[in-house]
Amino acid sequence: MAIRTLMILALLFTAGAACAGTSHWGANDDPAVMRLVAAEATWAALQCGPKPEMAAYVADDFQGTGTNGARYGRVAAIQRGHDRDCKLGSVKVHFVTDNVAILYGGESRIVKSGNGKEAPRCQVWTDTWIKRDGKWQVVAAQDNVVPCKGK
């Protein structure tokens, strides 16, 4: 039993060390970071109008969690919104491996409620991207509404 435990610990330690060697924060001038941030900008802009190119960025097995806690899939992720003044905020890119990136960011827009009144809406999010067959696609998203600063 002790040998088995030691073998498992050695395996976990080796796997952890292998992963740790490639994990890093992306630099703003890194081409992969620029591509991922541009894709996130397209996704944020989708809330204000059609962006057909977004379909290529969302994986078939995508799963998101909306601000209301409900899960949504690929079809909902690429549906256009009817808001205005959509803006992407700052985005940080963390490469877990060469093929997995976690993006942390924010966005804002003006939304119209059912009674016709407009109000600012700000969100922060965490998105997980995987590079498959040389192409980056988002596979998971978590969105949270936050108070808008200065609005």
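Ranked by how many other Cβ atoms sit within 10 Å of their own Cβ, fewest first, the residues Lys117, Lys51 fall in the order Lys117, Lys51.
Scaling the Cα radius of gyration of region 24-146 by the globular reference 2.2 N^0.38 Å produces a ratio of 1.04.
Set Lys and Arg Cβ to +1 and Asp and Glu Cβ to -1, take the dipole of the chain about its Cα centre, and tell me which of Ala32, Gly66, Ala119 lies farthest positive. Towards the positive end, the residue furthest out is Ala119.
P(r) tail for region 91-151: Cα pairs beyond 13 Å make up 67% of the total. Leu103 sits among other residues whose Cβ lies under 9 Å from its own Cβ, and their net charge, with Lys and Arg +1 and Asp and Glu -1, is -1.
The 3J(HN,Hα) values that the Karplus relation (6.51, -1.76, 1.60; θ = phi - 60°) gives for region 124-133 are, in residue order, 10, 8, 10, 10, 10, 10, 10, 8, 10, 6 Hz. Gly and Pro appear as x. Working note: Karplus 6.51/-1.76/1.60 with θ = phi - 60° gives region 134-139 the couplings x, 10, 7, 9, 7, 10 Hz, where Gly and Pro are set to x.
Values in this text are rule-based calculations from the coordinates and carry no lab data. From a predicted model like this one, the values you see are computed outputs, not experimental measurements. Using ideal geometry, Cβ is built from the backbone for each residue, glycine included, and neighbour counts are taken over all protein chains shown.
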